[in-house]
1. Can you tell me which residues in the stretch B:25-79 are assigned to a helix (DSSP H, G or I) and of a type in the set (Gly, Ala, Ser)?
2. A:Tyr421 is checked against (1) closer than 21 Å to A:Val355 by Cβ; (2) buried (at least 17 other Cβ atoms within 10 Å of the Cβ) and fails just one. What number does that condition carry?
3. Quick one: count up the residues across the stretch A:6-34 that are open to solvent by 20 Å² or more (accessible area, probe 1.4 Å) and among the polar types (S, T, N, Q).
4. Please name all residue pairs, on different chains or six or more residues apart, with Cβ atoms under 7 Å, provided the first residue is in the stretch A:43-58 and is within 7 Å of another protein chain (Cβ to nearest Cβ) and the second residue is of a type in the set (Lys, Arg).
5. I'd like to know if the stretch A:183-206 contains one or more residues that are closer than 22 Å to A:Ala250 by Cβ and in contact with a helix residue (DSSP H, G or I) (Cβ under 8 Å, 6 or more places away or on another chain).
6. Can you report the number of residues in the stretch A:60-99 which are touching an Asp or Glu at 6+ places or on another chain (Cβ under 8 Å), farther than 30 Å from A:Ala244 by Cβ and of a type in the set (D, E, K, R)?
7. So A:Phe36 ticks every box in (1) assigned to a helix (DSSP H, G or I); (2) among the aromatic types (Phe, Trp, Tyr); (3) more than 29 Å from B:Ala122 (Cα to Cα) but one. Which box is left unticked?
8. Quick check on this structure: which one of A:Ile356, A:Ile396 is more than 14 Å from chain B (Cβ to nearest Cβ), in a helix (DSSP H, G or I) and either within 19 Å of the chain's Cα centre (by Cα) or among the acidic types (Asp, Glu) (or both)?
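The values are calculated or read from the model by the stated rules, or taken from the named source; none is laboratory data. This one's a predicted model, so the numbers in the text were calculated from it and none came from an experiment. Here the Cβ positions follow ideal geometry from the backbone for every residue, glycine too, while neighbour counts run over all protein chains shown. These area figures cover heavy atoms from the full protein model, side chains too; ligands, DNA and RNA do not enter into them. Shrake-Rupley method; radii C 1.70, N 1.55, O 1.52, S 1.80 Å.
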Amino acid sequence: MIAALGIGLLALLTLSIPVGIVLFLLGIGVDHFYSFFPLIKALGRMIWSSSNSATLIAIPFFVLLGEVLVRSGVAASTYSALDKLFSWLPGGLVHANIATSTLFSATSGSSVATAATVSTVAMPQAKALNYDPRLFSGAIAAGGTLGIMIPPSINLIVYGFLTQSSIPQLFLAGLLPGLILALGFILITALICYYKPHLGGARRLFSLDERIRAVFALLPILLLFAAIVGSIYLGIATPTEAAAVGVFGAVVIAASFGEISRSILHESVIGTIKVTSMIMLIILGASFLNFTLASAGLGQKLDSFFTGLGLSTYGTLAVIILMYIVLGMFIETLSLMVVTIPIVVPLIIALDFNVIWFGILMIVLVEMALITPPVGLNLYVVQSARKEGKLAEVMIGAAPYVLVMALMIILLILIPDIALYLPEKLANR
Amino acid sequence: MERLISWVDRVNRWVVSSLGLLLWAGVALVIVDILLRQINLSFGGTDEISGYLMAVVTAWGMGYTLTKLGHIRIEILRARLGDRYKSLLDLISIITLTGVVSLIATKAWPVVATTLANSSTANTPLETPLWIVQVPWFAGWVWFSIVSWIYSLAAIRFYVQAESEKMSQIAGPTESLEEGL
C-alpha cells in the first residue's frame, strides 16, 4: 500500500492535477482498495465537519492582515525604516532585506507576498548603491521563508489542524528557531561582506535623529506582532481571536501610516478569498486522505515497513529528512507539508518523536524547499520582481542561507529544546 | 462558450463581494465578542458562527479560485512540454477536478437531506437550525461543480480546436505567483 501510495502521489502530481484533487483521488483509491468499510459515503459529512471550523478561520484572518499591510504600502515604509537601522553593518541593505522579510512575513504569514513586496521596493536601491545582485536577491528569497516559521504562521495552523496538535504550542515552538535562523542569516551576510566587501555595496551611516525616527516608524508593526503572539501566549486569545484583532490593528496602522481606501480593502479581501480557497481545497483533500489512511491501518503498515528496512530510529529520521530535501526540490511548501503529513506524522509518532518538535523541523525543511532549485517558489518570485539577470544568480545568492538552514536542522535534532522549551513552559503554567 | 464563461465571471464577482462582506463581518463579530467578554456580556456563539462562515466562504470561494487559476498544481513536467502536450495536461487536470468536485457535491447532498428530514439543530447553546448554514454550504459546492463543468466543456472545445492560448487562459498554470506581485 505504501509503495502504491507513493507512486500514485508522484504520478498524479506530475500530471499537474491540482494538489488538493490529487489528495482526494488518493483517498478514494485507499478507500476502494484497502478499507473495510466504504468511507466514500462519509465524504460529505467529513467535508462539512472539517471546513466548519473556528480554528481554520484564523487562516483567512491572517492572510487578510498581510494583504492589508502589503497593499496599503506599510511594507514599503517598514523597509526604509529597517534600512536606516541596519545599514551600518557589513552588507548594509542586505540586512534590511532579511529583517523586513522576517518581520513582515511574520506578521502576514505569507512568504511569497513578502518576497514580492521586498524585492519590488529594494531592487532599485540595490542598483543605485552597487550591491552584488546575487547576494542581494538571494537574501530576499531566503528572508521571505522565515515567515512560515515565526508566528503567526499559516503553515503551522495547517500542521496543527491536520495532526490535531495545539496551535499555540506550535507558535511558541517556532519562535526561537525562527529568531535563531534570522540571526544566522544576518551573521552569514555580515561574514560574507566582511571578507568580500565588494559584494556588499556602499555602507551608509544615518544620523541618530533619523535612526530614532526609524525606530518609531517600526513601533506599530512591532506592537502588532507582540500583541498577536503575546495574547496567544498569555492565553487571553485563541489564534483566531488574535488574528481578528490583528486585522483590526492592520487596518488602523494602514490608515495612519499608509494609504487606505475602499478599493484597497476590497482587493485585500478578494485576494484573501482566493488564497483561502486554494489552501482549503488542499486541507480538505488531506483530511480525507488522513481519514481513509487511518482506517486502512497505515500506522501499523508503516511501522512494519520501516522495521523491515532494519533502520534505527535516527536512521529512519534521516531517511525522512532526505525525502523532504529531494521532494522539496519539486514540490512547494504547503503542498509538500500537506501531502506528506498523513504518511509521515503517524510514523514520527510511532518512533516516539515529539509531534510539535517535528512540526518545526518540517517547517525548516520546507523553508529550504522554497529556495532550492529547480522549483523554489521564492527564487522565482524574486526573479520576476527584479525583471533582469538570470534565475541562476538568485539561486547562487540563496546558497549561503540554505547552508544556515541545514545547520538549523542539525541543531534541532541535537537540541530539541530549541523548539520545545517555550511550549513546555506554557504547558506547565 | 465565451458567453457562458463571462456569465460565470459576472456571478463570481457578485459572489466574492458578498463573501468579502461576510469575512469582514466575521472579523467584526470576533472583536465584538472579545469586547463584550470584558464586561461579561458574551453571548458565547462566536466560535460556532465563525465555523459556519468558514465553511460557506470556502465552499463558494472554490469556484472563483478555479476561474482565477488559483488552485495549486505542480508544473514541473508541464513547463517542459510543447503547447499541444501542455494543453493535454490542462485538459486532464480540469476534467479530473470536475469529476472529484461533482462527487463531493453529490456526497454533500445527503448531509443536507438528513438535516432537512430531521430538522436537526446544532448541539450548542445557539441551537442553530443546521439547514440555515448547510444549504448555503451545499450550494457553494454545487456552484463549484457547475463552474468546473463549464470550464471543462470549454477546455474540451479549445483542445479540439488546438487553441492553446485560450486553453492556457482558462485552465493554464497556477497564477498565485503573479497575483502576489
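1. Matches in the stretch B:25-79: B:Ala25, B:Gly26, B:Ala28, B:Ser50, B:Gly51, B:Ala55, B:Ala59, B:Gly61, B:Gly63, B:Ala79.
2. (2)
3. Residues in the stretch A:6-34 being open to solvent by 20 Å² or more (accessible area, probe 1.4 Å) and among the polar types (S, T, N, Q): 1 in total.
4. Listed pairs, sorted by first residue: A:Leu43/B:Lys107; A:Gly44/B:Lys107.
5. Initially, the stretch A:183-206 is screened for residues closer than 22 Å to A:Ala250 by Cβ, giving none.
No - not one qualifying residue is present in the stretch A:183-206.
6. 1
7. So A:Phe36 meets the others, but not (1).
8. Result of the check over A:Ile356, A:Ile396: A:Ile356.
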